[in-house]
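Only one structure is covered here, and it is reproduced in the block below.
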Amino acid sequence: MPAVAPRSGEAIFASAERINSELFTLTYGAIVRQLLTDLEEVDEVNKQLDQMGYNIGLRLIDEFLAKSNVSRCVDFKETAEVIAKVGFKMFLGVSATVTNWDAEGTTCSLVLEDNPLVDFVELPDTCQGLHYCNVLNGVVRGALEMVSMKTEVTWVRDMLHGDDAYELQVKLLKQIPEEYPYKDDE
Amino acid sequence: MQFFGATEINPSPPAVTASGNNAHMIYIFNRNGVCLLYREWNRSLHTLNAQQDQKLMFGLLFSLKSLTAKMDPVSVEKVNLGVPQLPGQGCSFHSFRTNTYKLSFMETPSGIKLILVTNPRTGDLRESLKYIYNLYVEYVVKNPLYTPGTPIKYELFNTTLDQYVRGLG
């Protein structure tokens, strides 16, 4: 039986159930607002958003693999392209571009021109250190960890801090192949 | 039959045939060897206790994957036997058949392994395994009360799965 071809991000996004994008944006805003009230420290909020994103990423990867039908990516370059074009498109409705590859091919930047999480948002002076979309860092990190890649994801450019686009730097730390999990004593 | 509202599942389920329950059992493992699900419908011979049986199954697949990758006459990559591989890398086997049963296998890049044991006359079950993976995503992964990496104990998933497997030709 011939393998089913991977579906494009557009196709999956078009066929998924829709909700109002404002509802999504405002819900996310409410989460950040509540975290700021509960934790007060901007660094703590950043960490918590990253952790939330990580937990989302662990589950999101299965949904992504099931809906998009992509097979294992050959190298990190392909992985980054798949995340930018299929992943982001499928879940956020916007696709990202991959730029700034380093010499070894282990670090790259995902650039987002448009980000539905930050519609209507302006950071007040008290929260200048806040990475409002830090949940995205966690999601990418969590999802990649489930496909055996340990990564570090940081923000390089952030429109809420005055830059012209959102730039996420993804750095591959190492690949963790599957080990036989049972001990050999049985 | 629409399970998930307006969401389109890819692939759509194969047509239901009336051949009764010819699947023997199903296993779902995650990448750490934890057996997330074991269900049997038609298994007359039990050789080991459940835990050992699951370990044996996982070990079997782990070794088979390694072996099939090593014996690949076409692949360009060099694979060393016994060296752990990334899930999905190398060639992957998808079924084996004996005179009494057929075992179909699917592994996702995230390390989820689905094993379905059926009667030997069953055709290629790769699409069916993909559908079961979709069911897993919709009913288990998306459930906020489910902790990833623990055994699945959801009636809704179990019933839906039973219904689907019953319809496999």
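The values are calculated or read from the model by the stated rules, or taken from the named source; none is laboratory data. Here the structure is a predicted model, which is why all the values come from computation and not from measurement. Ideal geometry is used to build each Cβ from the backbone, glycine not excepted, and the neighbour counts take in all protein chains shown. Surface accessibility is based on the protein's heavy atoms, side chains included, excluding ligands, DNA and RNA. Shrake-Rupley method; radii C 1.70, N 1.55, O 1.52, S 1.80 Å.
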For the protein assembly as shown, which whole percent of the accessible surface, found with a 1.4 angstrom probe, sits on carbon and sulfur atoms? 55
With the 1.4 Å probe rolled over protein heavy atoms, the protein assembly as shown has an accessible area per residue in Å² of 51
Proximal lysines to B:K70, defined as alpha-carbon separation beneath 28 angstrom and excluding residues fewer than eight positions away on the same chain: A:K77, A:K150, A:K174, A:K183, B:K55, B:K78, B:K102, B:K113, B:K130
Provide the solvent-accessible area of A:E10, counting protein heavy atoms only and rolling a 1.4 Å probe, rounded to the nearest 10 Å². 120
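Assign unit charges at the C-beta atoms only (+1 for Lys and Arg, -1 for Asp and Glu), then state the dipole size of the protein assembly as shown relative to its Cα centre in Debye, rounded to the nearest 20. Kindly include the intermediate steps, with their values, before the conclusion.
Details: 32 positive and 43 negative charges, 417 e Å.
The calculated dipole for the protein assembly as shown is roughly 2000 debye.
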Relative to the first principal axis of the alpha-carbon coordinates of chain A, what is the inclination of helix A:134-146, with its axis defined by its Cα atoms, in degrees from 0 to 90 and to the nearest 10? 10
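So how much accessible surface do A and B hide from each other in total, probe 1.4 Å, in square angstrom to the nearest 100?
It comes to approximately 3200 Å² buried between A and B.
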In chain A, if the dipole is taken from +1 on Lys/Arg beta carbons and -1 on Asp/Glu beta carbons about the Cα centre, which of A:L160, A:M52, A:Y180 is farthest to the positive end? A:Y180
Choose one of A:C108, A:L39, A:T79: the residue whose Cα lies farthest towards the positive end of the charge dipole of the range A:38-109 (beta-carbon charges +1 Lys, Arg; -1 Asp, Glu; about the Cα centre). A:T79
Around A:E10, with a cut-off of 12 angstrom between Cβ atoms, what is the net charge of the other residues, counting Lys and Arg +1 and Asp and Glu -1? +3
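What does the charge add up to near A:L49, with Lys and Arg as +1, Asp and Glu as -1, over the other residues with Cβ less than 15 Å from its Cβ? If you can, show how the numbers build up before the last one.
Details: positive: A:R33, A:K47, A:R141; negative: A:D38, A:E40, A:E41, A:D43, A:E44, A:D50, A:D158.
Computed value for this residue: -4.
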MRE, 222 nm, helices only [DSSP H, n ≥ 4, -39500 (n - 2.57), over chain A, to nearest 500]: -13500 deg cm²/dmol
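Any idea what the dipole of the range A:1-150 comes to, in debye rounded to 20, about its Cα centre with Lys/Arg Cβ at +1 and Asp/Glu Cβ at -1? Before the final figure, lay out each step's value.
Details: 12 positive and 22 negative charges, 150 e Å.
Charge dipole of the range A:1-150: 720 debye, to the nearest 20.
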On a 0 to 90 degree scale, rounded to 10, what angle separates helix A:42-68 from the longest Cα axis of chain A? 40
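Could you sort B:D53, A:D75 by accessible area so the largest value comes first, with the probe set to 1.4 Å? Mind dumping the intermediate values first?
Numbers: B:D53 15, A:D75 75 Å².
So the residues, ranked largest to smallest area, are A:D75, B:D53.
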